[in-house]
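Please treat every number below as a calculation from the coordinates, not as lab data. The structure displayed is predicted, hence computed values, not measured ones. Ideal geometry is used to build each Cβ from the backbone, glycine not excepted, and the neighbour counts take in all protein chains shown.
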Amino acid sequence: MFGIPISLLFQAAGSAQTYVTAGSVYTENTITVLIEILAVLAISMQIARGYFLRILRKFTLRLAADIWWLLFVLLRDASIFLVLFLGVSLFWPGTYQDYPIAVPFQPLAIDFFAFALVLLLVVDTDEVPKWNSLLTIFVLIGTTLYLFGTVFVTENAVALATLPPTVSTSTSNFWGFMNTYFNSENNPAMGIYTFYVTFTILLIAGAAAVAASFKGSYPRKSIETNPKPIVKQA
């Protein structure tokens, strides 16, 4: 075509495919790191709720107290939402063969963040201690599962490469066992079963959120900007 050799066209096509593959791997790596950071931020903010309330009592200006409490709510709730938003990328079956995913740890972790988000939608977790405790449990389990899968499965290749030659990398070794059975690239059956189960759970959580929105799930009490009632409830 226009004097360009066919071989150069195939070479250009191959290079383009290489760039696309490299770009997709880079994107997946970036999303994985972002989810880790946001998950740690979410559980850190939830655990530090008592600290935010103690500092809240020290403010003498109502505006300062409102801004302080708003900062806490935004960081916690936004991080939980973004983990779920970015984590949807783990529920594409084709990704399980193209990129190492810790199954079932990472997809199941996203489900727990979905539970936490639904809980935030349907109840006031900052007013009722039992709901606040349940939110902490959901976020803690989700963060733990995701970090465990990242460290012991998706980062497994680094550990295997640095093992001494005398150490076995078979399934009898911890790292070899994790890499063999819980890496979606090495165990496609576990990957597809994980997809069926975790995606079904995610759909149920989504249906519950949609149903709650249709029912008009709003707090019974009027929204108050004064932080004093929050401190007393805590």
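So that you can scan it fast, the table gives a plain yes or no per residue for (1) in contact with a helix residue (DSSP H, G or I) (Cβ under 7 Å, 6 or more places away or on another chain); (2) part of a helix (DSSP H, G or I); (3) closer than 21 Å to residue 209 by Cβ:
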{"site": "55", "(1), (2), (3)": "yes, yes, no"}
{"site": "58", "(1), (2), (3)": "no, no, no"}
{"site": "90", "(1), (2), (3)": "yes, yes, yes"}
{"site": "100", "(1), (2), (3)": "yes, no, no"}
{"site": "115", "(1), (2), (3)": "yes, yes, yes"}
{"site": "119", "(1), (2), (3)": "yes, yes, yes"}
Run down 89, 44 and say which single residue is surrounded by 13 or more Cβ atoms within 10 Å (Cβ to Cβ) and free of Cβ contacts under 8 Å to residues at least 24 places away in the same chain.
-> 44
